[in-house]
Amino acid sequence: MNTLASILSFVRRLRYGAGLDPVRDWLVMLILSIIAFIGIVVWNVWAFDTVANGGAIGAAPSNPKQLFRQSSLDAIRTVFEKRADEESRYVTGAYRYADPSL
C-alpha cells in the first residue's frame, strides 16, 4: 500500500495545479533531457554503424556524377611532384641554408 500511495503522490505532483511547482518542472525538464540524449546517442550509433558497414544514409543517387576531372587530378599531381623535387634539392644540398643563430 505504501508503494501505491507514493506513486499516487508522485502523479499528483506532476499535474499542473494553481501554483508553479519547481520540483515538478525540474523533474520534467530532466526527464525530457535524458530522453533527448538517449535519442541522440541511438541516432549516432545507428549512423556510425550504417556508414562503417559501407551503407549510405539517405537514398543513394541513381546516376552518380564523376566527382573529379582527370585534368584536375593531373594538375594536383604536378604540384606535388614539384614540391617533392624542391624538397630533394634541400636534402641533397643543392640549396644551402645559412643558420643565423651561429
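Only residues that are of a type outside the set (Phe, Trp, Tyr), surrounded by 10 or more Cβ atoms within 10 Å (Cβ to Cβ) and in a helix (DSSP H, G or I): list them for region 46-71, please. So that I can check it myself, show each step before the final result.
First pass over region 46-71, keeping only residues of a type outside the set (Phe, Trp, Tyr): 47, 49-67, 69-71.
After this cut, where a residue has to be surrounded by 10 or more Cβ atoms within 10 Å (Cβ to Cβ) as well, the list is 47, 49-51, 55.
47, 49, 50, 51 - these are the residues of region 46-71 that are of a type outside the set (Phe, Trp, Tyr), surrounded by 10 or more Cβ atoms within 10 Å (Cβ to Cβ) and in a helix (DSSP H, G or I).
Out of (1) outside any helix (DSSP H, G or I); (2) modelled with pLDDT of 80 or more; (3) of a type in the set (Phe, Trp, Tyr), the odd one out for residue 43 is which?
(1)
Return the residue satisfying two criteria in turn: it lies in region 6-22 and is surrounded by 10 or more Cβ atoms within 10 Å (Cβ to Cβ), in a helix (DSSP H, G or I) and not hydroxyl-bearing (Ser, Thr, Tyr), and of such residues it is modelled with the lowest pLDDT.
14
Kindly indicate whether residue 42 is in contact with a helix residue (DSSP H, G or I) (Cβ under 8 Å, 6 or more places away or on another chain) and of a type in the set (Val, Ile, Thr).
no
Is there a residue being in contact with a Lys or Arg (Cβ under 9 Å, 6 or more places away or on another chain) and assigned to a loop (DSSP other than H, G, I, E, B) anywhere in region 89-96?
yes
The values are calculated or read from the model by the stated rules, or taken from the named source; none is laboratory data. Please read all numbers here as calculations on a predicted model, not as lab measurements. A quick note on method: Cβ atoms are made from the backbone with ideal geometry, for glycine too, and the neighbour counts reach across all protein chains shown.
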